[in-house]
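Some notes on the structure that comes next.
The values are calculated or read from the model by the stated rules, or taken from the named source; none is laboratory data. What you see is a predicted model, and the numbers here were worked out from it, not measured in a lab. All Cβ positions, glycine included, derive from the backbone under ideal geometry; neighbour counts span all protein chains shown. Areas reflect the complete protein model, heavy atoms only, side chains present, ligands, DNA and RNA absent. Shrake-Rupley method; radii C 1.70, N 1.55, O 1.52, S 1.80 Å.
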Amino acid sequence: MGKEVDISKVVRQHLETEQFFTGFALRGKARTLESQDREDKMVVAGKAAELEKIAEEVRQCCKCDLGSSRTNAVPGEGNPDARIMFVGEAPGADEDAQGRPFVGRAGQLLDKIINACGLKRSDVFIGNILKCRPPENRDPRADEIISCLPYLQRQIEIIDPEIIVALGAHAAKTLLNSTKSIGQLRGQFHEYYTGIGRPPVKLMATYHTAYLLRNYSQENRRKVWEDMKKVLAELDLPVPK
Ligand code: URA
């Protein structure tokens with residue numbers, strides 16, 4: 001990270017120092033709920049600031065050709081402290097026009113799925129493998145993924161979600177470094193590694209909502225719903241019938 005300030009680290013160090021001296025003064029006394037709440041808020045604010053720094057880098061990025069064909073880069077958005085992070089393939093026309101992820105038809109279906117899980121869009125974080133729209137919505141190219149992936153990797157490290165939901169083959173295969181099909185990968189938890197010595201993040205692969213829209217069968221909808229129910233159960237969240 002070079003000379004850049006790691007805001008999370010600074011906040012963590014500040015809290016650790018504060019805890020050390022508070023613990024010294026109030027030996028044996030539990031921290032109050034208010035002080036815990038204040039600390040949690042500081043950590044989330046630190047994460048939000050780091051994510052915004054990445055978003056700004058993404059908006060300025062010209063590492064690949066998509067930097068010159070996009071209208072807007074789409075860094076991703078949502079809860080900096082999300083327990084669930086959804087990862088799609090790349091922005092489409094609507095996302096390119098607005099600079100926000102999953103706002104077109106596929107996004108509306110994703111919103112419905114999130115709501116059916118008893119959650120709000122603002123509870124989760126939504127991002128993509130590529131931050132800029134490939135012309136004519138063609139598949140991401142390997143060189144584009146190589147240029148862009150570090151942004152997503154950094155976002156995942158900062159948010160530190162409990163579960164990543166990879167939407168579609170491109171997201172699942174890229175994050176798992178796998179050549180298996182989405183049909184083979186979906187429906188079970190995999191492990192996504194953020195780095196040596198760090199515990200893996202659970203990853204559920206499922207069909208992309210754009211694929212669901214094109215193949216809107218009961219069978220496909222049931223499969224996605226089964227996948228999402230596994231995610232909710234893993235997080236000890238209520239699982240709707
Ligand atoms: N499809 C994606 O993969 N990402 C978006 O943001 C929108 C549609």
Inter-probe distance in nm under a simple model that places probes 7 Å from Cα toward Cβ, at V44 and T194: 1.7
Set K202/K230; K41/K230; K180/K229; K112/K223; K47/K173; K180/K230 screened for pairs whose C-alpha atoms are more than 19 Å apart: K41/K230; K180/K229; K47/K173; K180/K230
The chain: angle of helix 142-159 to the longest principal axis, Cα-based, in degrees nearest 10: 30
Unit Cα scatterers, Debye sum, the range 131-172: log10 I(q)/I(0) for q = 0.31 Å⁻¹: -1.21
Beta bridges per DSSP with both ends in the chain, % antiparallel, nearest 5: 30
Gained length - R31 relative to E234, 0.36 nm times residue gap less alpha-carbon distance: 70.2 nm
The chain, helix-only ellipticity at 222 nm - DSSP H runs n ≥ 4, -39,500 (n - 2.57), divided by all residues, nearest 500: -16000 deg cm²/dmol
Residue-level accessible surface for H170, protein heavy atoms, 1.4 Å, Å²: 50
Segment S122-Q60, extension gain: residue separation times 0.36 nm, minus the distance between their alpha carbons: 19.8 nm
Label-to-label distance, nm, for residues given as R105 and R141 (7 Å Cα→Cβ offset): 2.8
Percent of beta bridges antiparallel (DSSP, the range 62-189, rounded to nearest 5): 20
Using a Förster distance of 25 Å, the FRET efficiency for N115-T179 (Cβ separation, nearest 0.05): 0.15
Accessible area in square angstrom per residue, the chain, 1.4 angstrom probe: 55
Interchain or long-range residues, amide H under 5 Å from G187's placed H: A205
0 to 90° range, to nearest 10: angle between helix 218-234 axis and the chain longest Cα axis: 10
Cα point-scatterer Debye curve for the chain, base-10 log of I(q)/I(0) at q = 0.08 Å⁻¹: -0.33
Charge context of A205, other residues only, Cβ under 13 angstrom, K/R +1, D/E -1: +2
